[in-house]
1. Say a label goes 7 Å from Cα toward Cβ at B:ALA39 in every copy; what distances in nm does this one have to the rest, shortest first?
2. How compact and how long is the stretch B:153-217, expressed as Rg and Dmax of its alpha-carbon atoms in Å?
3. For peptide A:76-88, how many partner chain Cβ atoms fall within 10 Å of a residue's Cβ, on average?
4. When the dipole is taken about the Cα centre of the stretch A:99-248, and only Lys, Arg (+1) and Asp, Glu (-1) are charged at their Cβ, what size is it in debye, to the nearest 20?
5. Quick one: work out Rg over Rh on the C-alpha atoms of the protein assembly as shown, Rh as Kirkwood radius.
6. Before anything else, pin down the relative contact order of chain B: Cα pairs under 8 Å, at least 6 apart, normalised by residue count, whole percent.
7. To the nearest 0.05, how large is the calculated FRET efficiency for A:VAL275 and B:THR20 if R₀ is 56 Å and r is the Cβ-Cβ distance?
8. From largest to smallest, what semi-axes in whole angstrom does the stretch B:190-295 give when each is the square root of 5 times an eigenvalue of its alpha carbon gyration tensor?
There are 2 protein chains.
Amino acid sequence: MNISRLGEFGLIDRIKSGFTVKTKGLVGIGDDAAVIPFAGKDLLITTDTMVENVHFDRKYTKMREVGWKIAAVNISDIAAMGGYAKYALVTLGLKDSFKVKDVDEIYKGISQAFKTYGIKLIGGDIVRSPKDLFITMDMVGECKRPVLRSGAKPGDVIATVGILGASAAGLKALKKYGRKKPGNNTRAHLLPMPMLEQGQKLSGFATSMIDNSDGLARCIIEICKESRVGAIISLGSLPLAKGATIDDALNGGEDYNLIFTARKKDMKDVKGVTVIGEITSQKNIIAVDKNGKKMKVRIKGFEHF
Amino acid sequence: MNISRLGEFGLIDRIKSGFTVKTKGLVGIGDDAAVIPFAGKDLLITTDTMVENVHFDRKYTKMREVGWKIAAVNISDIAAMGGYAKYALVTLGLKDSFKVKDVDEIYKGISQAFKTYGIKLIGGDIVRSPKDLFITMDMVGECKRPVLRSGAKPGDVIATVGILGASAAGLKALKKYGRKKPGNNTRAHLLPMPMLEQGQKLSGFATSMIDNSDGLARCIIEICKESRVGAIISLGSLPLAKGATIDDALNGGEDYNLIFTARKKDMKDVKGVTVIGEITSQKNIIAVDKNGKKMKVRIKGFEHF
């Protein structure tokens, strides 16, 4: 059987089942970052990879943007735990003919992101990749109280920080017009701004949290799966980016904002977030459109295979 | 300029110069693993990547061996710091047509290594790679006193734990005969045994240490460069694997044993190591053959580009 039949998430579930973790306080495969209790504190560690022609296309992506983005997606994982990003390692897979100036540009993008978010590069690896460029980043952070995907309770509200669908709409524009029509959406796709400070603030009361890398639908599924609950989403309340569709928001991915749940009483004075639904005790996910029509959430998200 | 002109180590030096680290106790790019002072302890973190047709050839390498080896090379980095390996993350880059049973085999190899060395898998990433399989592992460890590459002093002896050249000789045999003539050398190449416990023991007195991933010559160069010293190596004293040449030992790489320096007085009762040379105050590296003839060390090592 080919992996394309199992799918990315099926493959992760398969691997996860072989490596269960039973140490108290240790969080393994299945959250935005792993949590390691170390010397009385909680250490966070995460990794993300971008591959040429899978995650970016050099036709409309600058190497500096690739550098920024690989940093941003890792920072976003730390943000989703309510953590503080600290250190990173970078691995580059490059072919012989790769230009030194392009390596420099990748590291400039990384450096800009690291200065913006206060992170230090402390190691990595450089290997030959015969065909496609790939870049892997590992990020280490710490947190006071990790916010997991598994803490949502029936009655909790579901909320988003930031708008939805911008990245997907930006990607469509880039595919259609190249870099000729830059705007907020193309910028959101090429240079996402992870919500590190927002995550830290939310960690005080959020019952669960996830970063929106694979679309809102996938976020809700993961929270419901890990928390063993259901959800009802109000599609009319989604804060869509200008030019983005509901499908961009649900299935587009790469918005790198934060989706979280919280008790209603804790949400009173919270600014800059949009409530989009509620956690239920049923084990299904229902979307309600603005006319009150109920439907099942179409679950595409972004799967690699 | 193409990266092939700068070379792997030139590229690393170039990157390193842009990301200097000045925090007390923090060790960044340039050692086997990074050292992060965290909550009063020293945390270690390292990453290594293997790419199909660069680091292994599926013609004579089983997927289970690739899994074992990516674990082993990361463990070896932790060993070279005198550390304890604890946790790991794994990233796989796979094409659509990759077989699920081969994914299972990779994780079986990882699992065998992790059981042998007491490590927990706690996360990772799976991405599509259009052409070549790649596998990246990040490993987290801890240590009482990190042994760096930079502590060697003139007068220190240079010693190796374990034999040299086995992996290079094994690779030659695999290329020539495939898997038809298995032996200790092919086994050393396919299933290296990192020296985690030995590294921990040596950390009590070693002044510098490095894991032998790129050949003895590169090990000595790195220790001399970081410690700002020179070295004299006695080629006649190298503990060569049966069937291996001096060139295999110096330039072959992938032996994954430990090369270290120590004060003479600390070496009296040390068992299972072979003294192969001495640190000097001159800034060059001289090899002396068994007839007493001096020569410059041919410095090839393994460069990716």
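The values are calculated or read from the model by the stated rules, or taken from the named source; none is laboratory data. On a predicted model such as this, the values are computed, not experimentally measured, just so you know. Heads up, the Cβs are rebuilt from the backbone with ideal geometry, glycines too, and the neighbour counts pull from every protein chain shown. SASA here: full protein model, heavy atoms, side chains in, ligands and nucleic acids out. Shrake-Rupley method; radii C 1.70, N 1.55, O 1.52, S 1.80 Å.
1. 0.9
2. Using the Cα atoms of the stretch B:153-217, the pair Rg, Dmax is 14.8, 47 Å.
3. The mean count of partner-chain Cβ atoms within 10 Å per residue comes to 1.
4. 480 debye
5. On the way: Rg = 25.3 Å, Rh = 25.2 Å.
Rg/Rh for the protein assembly as shown comes to 1.00.
6. Details: 701 pairs, mean separation 66.2, N = 305.
So the answer I get is 22 percent.
7. 0.75
8. Numbers: eigenvalues 78, 68, 38 Å².
Equivalent ellipsoid of the stretch B:190-295: 20, 18, 14 Å, largest first.
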